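Got a structure for you, written out below as structure tokens; questions coming shortly.
No lab work stands behind these numbers, since they all come straight from the coordinates. Please read all numbers here as calculations on a predicted model, not as lab measurements.
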């Protein structure tokens, strides 16, 4: 009887400690995530300098979709998603599954046209590969493909022009931040980059996307 009472006390004490830890963790992570979202958004607008903007929240501290009109009337689309940090119990599982803060930046140039398909997707990114397959449909199977290995892993490259293999390799073989997908969609007139989301890398990623866009597009004033 005494032993049973002792075990009950231990169980209750453990439960109380866990409850306190969960509450403390929640408010600590909530503050951290609010700070991250605020700083990321400020940096995003500082870099892209939109003249018009619209945000759509995905959920409480989950992230958002942003729609920007830039100074030259180009359109920029941003998808920011955060790792599920609010739950002390679930967060370690999410980390083990590879969940992290991610950002997708897409650019639809106003005075230029994408002239060829060129895509790179990291192996194991099944969701990104599925999006590419959905976007291109049967066109994907008609593209040439190759695989390359860089410090972040193996990537599958889909291309029309062999020169784009080296172009894409130069982007994904980055020393500072993992990039999971780079795309140039001819039919959509859209370029895109998907990467780990870090406040200090927003400008860096956007400049990479702009450089890529220039190399896979032609001015609408020129004959393609």
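Mean residue ellipticity at 222 nm from the helices of the chain, using -39,500 (n - 2.57) per DSSP H segment of n ≥ 4 over the full residue count, to the nearest 500 deg cm²/dmol?
-13500 deg cm²/dmol
Using the alpha-carbon atoms, what tilt in degrees (0 to 90, nearest 10) does helix 2-48 show relative to the longest principal axis of the chain?
Once rounded, the angle reads 30 degrees.
Next question. Against the longest alpha carbon principal axis of the chain, how many degrees, from 0 to 90 and to the nearest 10, is the axis of helix 202-215 turned?
Orientation of helix 202-215: about 20 degrees from the principal axis.
Moving to a separate point now. Please work out whether the range 101-224 counts as rounded, prolate or oblate from its C-alpha gyration tensor, where a ≥ b ≥ c are the square roots of the eigenvalues and a/c under 1.5 means rounded, while otherwise a/b larger than b/c means prolate and anything else oblate?
Note, shape of the range 101-224 comes out oblate.
Students often get this wrong, so try it: which of (i) 33; (ii) 43; (iii) 46 is percent of Cα pairs over 26 Å apart as calculated from the structure shown?
(iii)
Tilt of helix 126-136 relative to the longest C-alpha principal axis of the chain, in degrees (0 to 90, nearest 10)?
30 degrees
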